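Below is one structure; the comments refer to it alone.
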Amino acid sequence: MSLDRGKAVLRAVGRAIHHYEMISEGDRVAVGLSGGKDSLTLMWALQERLSRIPIHYSLFAIYIDLGFEGDPAGLIADYCKKMGYGLTVEHTDYGRRGHSEKNRENPCFLCSRLRRKRLFELAHELGCNKLALGHNMDDIIETLFLNMFYSGEISTMVPNQPFFKGKLTVIRPLAFLDESKINRFAEDYGFPEFKNPCPTAMLSKRYEIKKMLNSLYKTNKKIKGNIFRAMSHVKPDYLLSTSWKPNQLN
């Protein structure tokens, strides 16, 4: 394993946590595991940091089984046991409900909404005040474009986001890490590959946005960083006023 890549991951995670004040002494942090490289990297980094920093926090991994055939819940449970992670597994039918005949138009929306709601509930049941999710820099950029293209608004997921009047805060410690660096680290570290059983994983709007952006990134290596920086460098005076209505285009 490349020690340099491991150190780079920890530096980026530490920088994000410090910059956005994500974790404090005594926090109980639920970690949403999906089985993908992002969430496995997140869990590793948060656990690894405990031996290197002067504050202490507790980690509680959560995996939501969406009910698809071939779901790797058992394999993920075995992996977490091997790594010494405390894991809660929740078996649901969210994936099947999202892909039912009644919901063919947008299966991802319902499935992700139900999963997120249950993650919030389980975090509360575990007495956690933080919920760490494995969204990385690419995810944050893709969400910006998804919201512009399909919701008509300029917004994205933020690295530190309080809910329920601050009783639970969603944090995204991988915000300063792009997907390619996570993939190389996960390969070096030998993370297992858990197959995503979702039948529409490669057909979603997010995947279309990802392909579009990746084609742009190939033309200029600065584009990704520029988009990410642009989200915290907004000039409201050069945006349309809120009094302007979209129907004025008609």
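The values are calculated or read from the model by the stated rules, or taken from the named source; none is laboratory data. Keep in mind the model is a prediction, meaning the values are calculated, not measured. When we count neighbours, we look across all protein chains shown, and the Cβ atoms used for this are built from the backbone with ideal geometry, even at glycine.
Structural remarks
Each row is one residue, and each column tells you yes or no for (1) surrounded by 21 or more Cβ atoms within 10 Å (Cβ to Cβ); (2) closer than 24 Å to P197 by Cβ.
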{"residue": "G26", "(1), (2)": "no, no"}
{"residue": "V29", "(1), (2)": "yes, no"}
{"residue": "L33", "(1), (2)": "yes, yes"}
{"residue": "K37", "(1), (2)": "yes, yes"}
{"residue": "L50", "(1), (2)": "no, no"}
{"residue": "H56", "(1), (2)": "no, no"}
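- Options K181, K165, K224: the member that is outside any helix (DSSP H, G or I), farther than 22 Å from I64 by Cα and of a type outside the set (G, A, S): K165
- Filter pass, G152 being touching a residue at least 12 places away in the same chain (Cβ under 8 Å) and among the small types (G, A, S): yes
- The listed residue being more than 30 Å from F228 (Cα to Cα) and modelled with pLDDT under 95, out of S2, S51: S51
- Residue identified as of a type in the set (A, V, I, L, M, F, W, C) and closer than 11 Å to D38 by Cα among F145, F176, F163, F191: F191
- Of the numbered criteria (1) in contact with a helix residue (DSSP H, G or I) (Cβ under 9 Å, 6 or more places away or on another chain); (2) exposed (fewer than 15 other Cβ atoms within 10 Å of the Cβ), the one K165 fails is (1).
- Test: residue in the stretch 140-147 that is aromatic (F, W, Y), farther than 18 Å from S24 by Cα, assigned to a helix (DSSP H, G or I) and out of contact with any Gly (no Cβ under 7 Å at 6 or more places or on another chain): yes
- Of the listed requirements (1) modelled with pLDDT under 95; (2) surrounded by fewer than 13 Cβ atoms within 10 Å (Cβ to Cβ); (3) more than 25 Å from P192 (Cα to Cα), G127 misses just one: (1).
- Qualifying positions in the stretch 105-124 - polar (S, T, N, Q) and surrounded by 15 or more Cβ atoms within 10 Å (Cβ to Cβ): S112
- Selected residue [modelled with pLDDT under 85, surrounded by 10 or more Cβ atoms within 10 Å (Cβ to Cβ) and of a type in the set (G, A, S)] from A175, A186, A230, A201: A201
- Check on E179, within 15 Å of L40 (Cα to Cα) and charged (D, E, K, R): yes
Matching residues to (1) out of contact with any Ser or Thr (no Cβ under 8 Å at 6 or more places or on another chain); (2) among the basic types (K, R):
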residue: G14; (1), (2): yes, no
residue: I23; (1), (2): yes, no
residue: K37; (1), (2): yes, yes
residue: L42; (1), (2): yes, no
residue: G67; (1), (2): no, no
residue: M83; (1), (2): yes, no
residue: G86; (1), (2): yes, no
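- Those residues of the stretch 184-207 which are out of contact with any Gly (no Cβ under 8 Å at 6 or more places or on another chain) and part of a helix (DSSP H, G or I), in sequence order: R184, A186, E187, K205, R206, Y207
- For the stretch 57-73, the candidate set comprises residues that are among the aromatic types (F, W, Y) and touching a strand residue (DSSP E or B) at 6+ places or on another chain (Cβ under 9 Å); within that set, the residue that is farthest from C111 (Cα to Cα) is Y57.
- Scan of the stretch 148-162 for residues that are among the acidic types (D, E) and in a helix (DSSP H, G or I), ordered by number: none
- Residue within the stretch 43-52 that is among the basic types (K, R), over 25 Å from F176 (Cα atoms) and touching a residue at least 40 places away in the same chain (Cβ under 8 Å) present: no
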